[in-house]
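Data block below; observations after.
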Amino acid sequence: MISTVIFDLDGLLADSETLHCRSYQDVLATRAIVIEEDEYAEHWIRCGLGIDEFAEARGLDLDTVAVRRDKAVRFKELVANDLEPMPGAHQVLERIAGNKRLALATGSYGADAFSIIDGLGIREFFEYIATKESTPRLKPHPDPWLHVAERLGVAPAECVVLEDAEKGVIAAERAGMVSIAVPNRFTRDTDLSQAAVVLESLDEVTLTLIDSLDT
């Protein structure tokens, strides 16, 4: 029986990948480094890598600690002014709340994640929230999903994962969890074949659909 639904955050509930990308673009531009959206999508979203790996791949002599610090400041500014929910985000939480246990697992740092969660006013929906600091390994490793299940005391087979990105879908499969993919403009052309179903929007996520995925 499906008892628990675990949500991703960036690009699924919040249109925040755009803000993450803009933050890096703005901060790197001050260092005369140009990064395009498709490069950000490939490196950060699809591959799940960070600024250290970016600097290494580009052969850049870059103070990545300073970049992360400046990026966090710029991201906070953008969240305060430009944060938007993904279509259907509040509605899907309201549909499922009270019928399933809800949790969230994101690869973002806690400060970034909670600025988004609180900016959207959705913290109250989740029984537990895992961030980058919660597990040593992030998606596509199964650790974030398994960590949430362990904290809630539920079996992986009881969980449905909602994700927008390939790495999260892969992580769910490795965790022994079924997943629903709702891609966005950054992830629409990636391999989401390991998801049980791929939808156009969160409006299509219903309790009937979730319960139908019970294996």
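Values quoted throughout were computed directly from the atomic coordinates according to the rules given, and no laboratory measurement underlies them. Everything numeric in this text was worked out from a predicted model, so none of it was measured. All Cβ positions, even for glycine, are placed from backbone atoms using ideal geometry, and neighbour counts span all protein chains on display.
Placing a pseudo-label 7 Å from each Cα along the Cα-to-Cβ vector at Ser3 and Glu42 gives an inter-label distance of 4.4 nm. Note that segment 137-152 has calculated 3J(HN,Hα) couplings of 10, 9, 4, x, 5, x, 3, x, 5, 5, 4, 5, 4, 5, 5, 8 Hz, one per residue in order, obtained from phi through the Karplus relation 6.51 cos²θ - 1.76 cosθ + 1.60 (θ = phi - 60°); glycine and proline are x. Across segment 124-135, computed HN-Hα scalar couplings (Karplus, 6.51 cos²θ - 1.76 cosθ + 1.60, θ = phi - 60°) run 4, 6, 9, 6, 8, 10, 9, 10, 3, 6, 6, 9 Hz from first to last residue, x flagging Gly and Pro.
Assuming R0 = 35 Å, what is the FRET efficiency of Ala80 and Glu127, from their Cβ-Cβ distance, to the nearest 0.05? Mind dumping the intermediate values first?
On the way: r = 27 Å, r/R0 = 0.77.
After rounding to 0.05, the efficiency reads 0.85.
Site pair Leu207 and Arg69 shows an inter-label distance of 5.0 nm when each label is modelled 7 Å from Cα along Cα→Cβ.
Can you give the local net charge around Asp191? Use residues other than it whose beta-carbon is closer than 12 angstrom to its beta-carbon, Lys and Arg +1, Asp and Glu -1. Its environment carries a net charge of 0.
The calculated P(r) of segment 62-123, using every Cα pair and 5 Å bins from 0, goes 4, 14, 22, 22, 16, 10, 7, 4, 2, 0 in percent.
Could you tell me what % of all Cα pairs in segment 17-82 have separations over 13 Å?
Cα-Cα pairs in segment 17-82 separated by more than 13 Å: 61 percent.
Under the rule of -39500 (n - 2.57) per DSSP H run of 4 or more residues, summed and divided by the residues of the chain, what mean residue ellipticity at 222 nm is obtained, to the nearest 500 deg cm²/dmol?
Dividing the helical sum by the residues of the chain leaves -12000 deg cm²/dmol.
Between the alpha-carbon centres of segment 172-201 and segment 7-34 there is a gap of 21 Å. Taking amide H as placed 1.01 Å from N in the peptide plane, Cys47 has no amide H partner under 5 Å among residues 5 or more places away or on another chain. Across segment 83-94, computed HN-Hα scalar couplings (Karplus, 6.51 cos²θ - 1.76 cosθ + 1.60, θ = phi - 60°) run 5, 9, x, 6, x, x, 4, 5, 5, 5, 5, 5 Hz from first to last residue, x flagging Gly and Pro.
Summarising the amide proton neighbourhood of Ala14: residues at separation of 5 or more, or on other chains, whose placed amide H is nearer than 5 Å comprise Met86.
Taking amide H positions as modeled 1.01 Å from N, with prolines and chain starts lacking one, the residues under 5 Å from Tyr128 and 5 or more places away or on another chain are Leu104. Entry note: the chain has Rg to Rh equal to 0.96, where both radii use alpha-carbon atoms and Rh is the Kirkwood radius. Sorting the segments 171-177, 39-45, 56-62 by their mean number of nearby beta carbons within 10 angstrom, highest to lowest, gives 171-177, 39-45, 56-62.
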